[in-house]
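Data block below; observations after.
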Amino acid sequence: MTRFNPSLATTVACLLTACGGTHETVPPTLACAELNTANLQLAGVKVASAVAVAASGTLPAHCQLNGTIAERTGIDGKPYAIGFELRAPTAWNGKFFFQGGGGTNGVVVPATGNLLNAPSGTALERGYAVASTDGGHATGVSDTSFGIDPQARYDYGYNAVGQTTVVAKQILRAHYGRDAAHSYIVGCSNGGRDAMVAAARFADQFDGFVAANPGFNLPKAGLAEQWDTQQFMSAATPGQLPKDAFPPAVMALVANRILARCDALDGAVDGLVNDRAACQATFDLEADVPTCSGTPDGSCLTAAQKSALARVFGGPRNAAGQQLYATWPWDPGIAGAGWRFWKLDAGFAPLPFNTLIGAGAMGYVFTTPPDAPSLADGGLGYQLGFSMDTDAPKIFATNATYTQSAMAFMTPPNPAALSTLMARGGKLIVVHGTADPVFSADDSIAWYEAFKAANTTAAHHARLFLVPGMNHCAGGPTTDRFDLLTVLENWVEKGTAPDVVTAGVNPADPDVVAAGWPASRTRPLCAYPQVARLKPGATNLEDAASFQCQ
């Protein structure tokens, strides 16, 4: 429980009500400069700074507090703590916003309240108090060696979110003298995983959750990262890397063939495949994409390229044929810049980003005991040597030192149940791009189908929205501009369940520019399993009003 220093706190007691004669005690509050370790007296919490920040640009005046929770020394001899930042606006709307992390975390990002795909603004600008965390390790965004320490693993997986949330709320009560009326957690990628994990582990702390492109089965998705590199390299000639074996022209050819077979399935030839399920049943890589009979010239794929792509989209398997992660949907967004960045060519380095980040995460964080691989070659050698038979099972392994497997500390426990969330009336919105190159939309679909099968009232508590063409969190030939915080607020606070979300394009996105779409294009994102179809007689393909969810 939070304790306050009476010598510094301002006590306002005995407020007369309008009825006269009765009294109400208002808790003491601490000014921003008074939010220090001694005054807060929160066990294990150290405040490094608390500074009043004047309004600047679009950000309002607020108190910015930085601190740590549970400082300690790991088994690797390195210092660890859960680093966090809390920003409390002077004009508070009475609500709390937890900002999900990204990648392997490692830094405390500014707690301004990233609204993901919203066209502009932050949660702080909307009056929210916002918290963020480094995930329990201050090793930077690219150093995964924290995985040698067991507690650092667990902090990254779930504990940093849980601890930071509780501490942030205690500090807010000390500052404002009241609790937040509503609490939300919003994130994409690993931040989307944060939201999914919170929905299962910390549903008592939040009223609403936005999980965008969530890596909620991240260790299994990590297997796919190793698998993909192996398959792409199987089509490479000596001296080639994945980016060379699958140049942009090859992926553009496949994307165009997908469009040729699937674009009209929703009634509109508009560069978007809304009917994902019908497309998967219709498109056939072997039959619909020409096979080269001579030297590849961009108009065909070699047999090796086809075989590799088929295995990538089929998902990783072991020698017994057991599926180790989800399949991936065929979508024209696979020619997008974001898809290429993650799967084939990071640009700033000659390897896919799924190699640069995926090898270290798998070797240090998701494998028990940790492999601690050499990453001198960017992780390529580790990925090529990774065995789906002997190495993949280690994501489920434990021992005396690492008592929780990666699948235990990284994933939401029993995500098809969410019993606490449902009992409290919580609301969860999951949104996923169908051309996500990191976490498969098919995995989110499988989760939602399992949730619906286990709960007859599933749609009262969770909705899934698929975004055709969208790569990881944003980007691609897609309509990826939408405001899910407002949608969530309306569901939680007004009882308005979202059946459709209107989305626009990012006119600056290179894939949108290349497609020649106008900046005014909008589309309805339909609550799964419905898809957007062109209304009978409609002719304006740039207006969401021309489409209906069916």
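Quick one: how many residues across region 103-124 are open to solvent by 10 Å² or more (accessible area, probe 1.4 Å) and either within 24 Å of Lys46 (Cα to Cα) or among the acidic types (Asp, Glu) (or both)?
Initial filter on region 103-124 (open to solvent by 10 Å² or more (accessible area, probe 1.4 Å)): 103, 105, 107-110, 112, 114-116, 118-122.
From what is left, the residues that are either within 24 Å of Lys46 (Cα to Cα) or among the acidic types (Asp, Glu) (or both) are 105, 107-110, 112.
Here the count works out to 6.
For the subset of region 383-407 comprising residues that are open to solvent by 40 Å² or more (accessible area, probe 1.4 Å) and in contact (Cβ under 8 Å) with a residue 60 or more places away in the chain, which member is nearest to Asn217 (Cα to Cα)?
Gln404
State all residues of region 90-101 that are in contact with a Lys or Arg (Cβ under 9 Å, 6 or more places away or on another chain) and open to solvent by less than 10 Å² (accessible area, probe 1.4 Å); if no residue qualifies, say none.
Selection gives Gly94, Phe96, Phe97.
Of the residues in region 2-55, how many are at negative phi, assigned to a loop (DSSP other than H, G, I, E, B) and at pLDDT below 95?
The total comes to 12.
Of all residues being open to solvent by 40 Å² or more (accessible area, probe 1.4 Å) and in a loop (DSSP other than H, G, I, E, B) in region 269-292, which is nearest to Ala532 (Cα to Cα)? Just the residue, please.
Selected residue: Val269.
Can Thr502 be described as polar (S, T, N, Q), in a strand (DSSP E or B), open to solvent by 40 Å² or more (accessible area, probe 1.4 Å) and farther than 27 Å from Ala361 by Cβ?
Yes.
For region 144-200, which residues satisfy the criterion of being in contact with a Pro (Cβ under 8 Å, 6 or more places away or on another chain), under 22 Å from Gly363 (Cβ atoms) and open to solvent by 10 Å² or more (accessible area, probe 1.4 Å)?
Ile148, Ser189
Quick grid of which residues meet (1) of a type in the set (Phe, Trp, Tyr); (2) crowded, with 24+ Cβ neighbours inside 10 Å; (3) assigned to a helix (DSSP H, G or I); (4) in contact (Cβ under 8 Å) with a residue 60 or more places away in the chain:
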residue	(1), (2), (3), (4)
Tyr325	yes, no, no, yes
Trp330	yes, yes, no, yes
Gly338	no, yes, yes, yes
Ala346	no, no, no, no
Ala359	no, yes, yes, yes
Gly363	no, yes, yes, yes
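For region 297-323: of the residues being in a helix (DSSP H, G or I) and charged (D, E, K, R), which is farthest from Ala287 (Cα to Cα)?
Arg311
How about region 234-258: which of its residues are small (Gly, Ala, Ser), surrounded by fewer than 19 Cβ atoms within 10 Å (Cβ to Cβ) and either in contact (Cβ under 8 Å) with a residue 12 or more places away in the chain or not in a loop (DSSP other than H, G, I, E, B) (or both)?
Within region 234-258, Ser234, Ala249, Ala252 qualify.
Given the conditions (1) open to solvent by less than 10 Å² (accessible area, probe 1.4 Å); (2) of a type in the set (A, V, I, L, M); (3) within 19 Å of Gly495 (Cβ to Cβ); (4) more than 13 Å from the chain's Cα centre (by Cα), which single one is not true for Ile429?
Every condition holds for Ile429 apart from (4).
Can you give me the number of residues within region 367-387 that are part of a loop (DSSP other than H, G, I, E, B) and either over 20 Å from Ala224 (Cβ atoms) or touching a helix residue (DSSP H, G or I) at 6+ places or on another chain (Cβ under 7 Å) (or both)?
Number satisfying all stated conditions: 14.
Applying the selection to region 469-486, what residues are assigned to a helix (DSSP H, G or I) and open to solvent by less than 30 Å² (accessible area, probe 1.4 Å)?
Leu484, Leu485
May I ask you to list the residues in region 163-204 that are within 13 Å of the chain's Cα centre (by Cα), among the aliphatic types (A, V, I, L, M) and within 23 Å of Gly44 (Cα to Cα)?
Within region 163-204, Ala198 is the sole residue that qualifies.
Looking only at region 179-187, decide whether some residue is at positive phi, outside any strand (DSSP E or B) and not basic (Lys, Arg).
No, the conditions are met nowhere in region 179-187.
Confirm whether Phe216 is crowded, with 22+ Cβ neighbours inside 10 Å, assigned to a helix (DSSP H, G or I) and hydrophobic (A, V, I, L, M, F, W, C).
Working: crowded, with 22+ Cβ neighbours inside 10 Å: yes; assigned to a helix (DSSP H, G or I): no; hydrophobic (A, V, I, L, M, F, W, C): yes.
When the stated conditions are applied, Phe216 does not pass them.
The values are calculated or read from the model by the stated rules, or taken from the named source; none is laboratory data. Remember, predicted model here, so these are calculated numbers, not experimental data. As a convention, Cβ positions derive from the backbone with ideal geometry for all residues, glycine included, and neighbour counts pool all protein chains shown. Only protein heavy atoms, including side chains, enter the accessible area calculation; ligands, DNA and RNA are left aside. Shrake-Rupley method; radii C 1.70, N 1.55, O 1.52, S 1.80 Å.
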